[in-house]
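Notes to accompany the following structure.
Since every read-out is calculated from the coordinates, none of them should be taken as a lab result. Worth saying up front: this structure is predicted, and the values here are computed from it rather than measured. Glycine also receives a Cβ, built like all others from the backbone with ideal geometry; neighbour counts cover every protein chain displayed.
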Amino acid sequence: MTLDDQTLPARPGSIREEDVKLEEGHAVRESALSEGTFHQSQVVGKAIRKHFFCPPDATLADAVNRDADNVEFTDAEEKAVRRKIDRRVLTLVVSRSVMNVVSYLGNAHVLKAFNDNFGITNNNQWTLALSIFYVGYCSDDTPCSDAFSANMPSIGLLEMPANVLQRYIGANRFFFLSLTWWGLASVSFVYAKGYGGLLALRCAPCGLYRVLLGIGEAGYYAGMIYYLSFWYKRSELALRISLCMTGTLPGAIGGLLAFGIVRIQTKVLVGWQLLFLVEAIPTIFMAIVTLLFLPSFPFSSSFLTPREKAIAQARLNRDHRPKSHGGMTGWEGFKAVVNDIHAWLLMFMYASFNVGATSIVYFLPTLINELGFSPLASQGLTVAPYVVGWLMVVFQAWHSDKTRDRGYHIMLSTVVSCIGYTVLAVLATRGSGSNMIGGRYFALFLVVGGNYSLFPLVMSWAANVFSPTSKRGVGTAFIVSISNCVSIASPQVYFDANDNYQKGHAISAACLFLTFLPSFVLRMRLARMNKKNAAKRLAMAAEGASVMEIAGLERNEEIYDNDARYVFMT
């Protein structure tokens, strides 16, 4: 009987072939682990999603997360991955935001043809048409499939089910639906007539339009913030949100386009109708681009290599460890949010400044028109406040990220905007003489810059405060949804058209003061909690806990915001 080498005993000092292969295999595995590709290489084939609403592949997500725990990378590699994410993700989200936020309703209102078409003869009719839109946020019906409504409370607020839906099917598919519905809703304005038609378009409680516009709008702000939290660290969010969320850039673009488009007259459509057509067509086009090219999560991105996916996930795991699936259900997240005092403080903040912010977007052309400028000139003169406001928004957000501070920056923005409204209110009492035009126009710069700076600061703070990921999604949606219900009354503050809107400016200034108070309280509270948590972490270290365990990385866990290891951004 012939014996092969495997049955022969190894001579002293000899190296068995199996040992060599085992050692080589171990070396290859260790190399793949440090490269961040080992577990991804074990996932065979490309996952096929059976239908449009099928969730992304959880197997690949787990593989990327496991690779992220072992990948080794330099600061230069991290910056390169972040730049790559900026070029793809941020570019698409900003483009999507511009398309979704550019609204010409305020621009159209100063045009006689628009008002005649919809039978708007006084300011009360206009403010009612603006307010009735927000009824859609507080509707009784939540258009959400059973798969999601089973995990969500039936509270009739679309933002929270929208974020659950986005996490379930992926951002590209969710935003495709949102943009498509928004574009179709905008087309409806082109052919509508009469004041009843305007109210039906703005509300339509039982109609298709309200459903389309409600879903398209509801998932926008909270969904975008939630989406960015899967790609960026907490200290990187404010600047990115400022580029995506603020209405200043779309406002400037809308003012420029409106200045040119309203001059166009055709046999079929007049200038104001073309405004809404221009709003609709690029929005629908952007919906298709989003579906094809926007990745839902780092693990599902095609523009990143396996190693880059691991680096993208690792940089977040070491900051706040977002999870694309699992964790709290929507209902559990909702209960955690409503029992969190931080959520109510942030909601009160957002709701207070939103009174002025939701009004100025519709009333800016009207306020400029009231200074004595023609309707056509009023379109062009909206551009400068929006451009300067955009610079203020981006600078505030950049400096907030750099200093890792939110509270003091929010307080500063409220003061700037409050000063602007105070100037408008004071000068309104002195008439509308030519010597007052410059001061009132300058005050609009402060109002626009201060108000819109608050959007990214408050919402990035909310994204920093809530954890785990599922609670963050529900929490950001909770703030936006409740605040937008409050927005029903926002346009009504400008009821005094015959008094240069003095009372409206005064009310908006008072609301900004109400934003200042909870921001001060929340900052002091979080700073105190951070000190207490730091003392608890020192106690954990004294008891022998490892650095990895204290950081929450040892057990691949997502740290909750009520855990002593969680560090709040103040």
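Karplus couplings for segment 389-406 from phi (6.51 cos²θ - 1.76 cosθ + 1.60, θ = phi - 60°), rounded to Hz, Gly and Pro as x?
Result, ordered by residue: x, 4, 4, 5, 4, 5, 5, 4, 5, 4, 5, 5, 5, 5, 8, 6, 10, 10 Hz.
Looking at TYR494, ALA463, LEU446, which one has the Cα that reaches farthest to the positive end of the dipole of segment 361-508 (charges on Cβ: Lys, Arg +1; Asp, Glu -1)?
Final value for the positive-end residue is ALA463.
So, counting K/R as plus one and D/E as minus one, what does the shell of residues with Cβ under 11 Å around PRO56 add up to?
+2
Using mean Cβ contacts within 10 Å as the protection proxy, how do 271-281, 351-361 order, highest first?
Most protected by this proxy first, the peptides run 351-361, 271-281.
If I take R0 = 25 Å and measure r between the Cβ atoms of THR91 and VAL43 in this structure, what FRET efficiency does the formula 1/(1 + (r/R0)^6) give, to the nearest 0.05?
0.30
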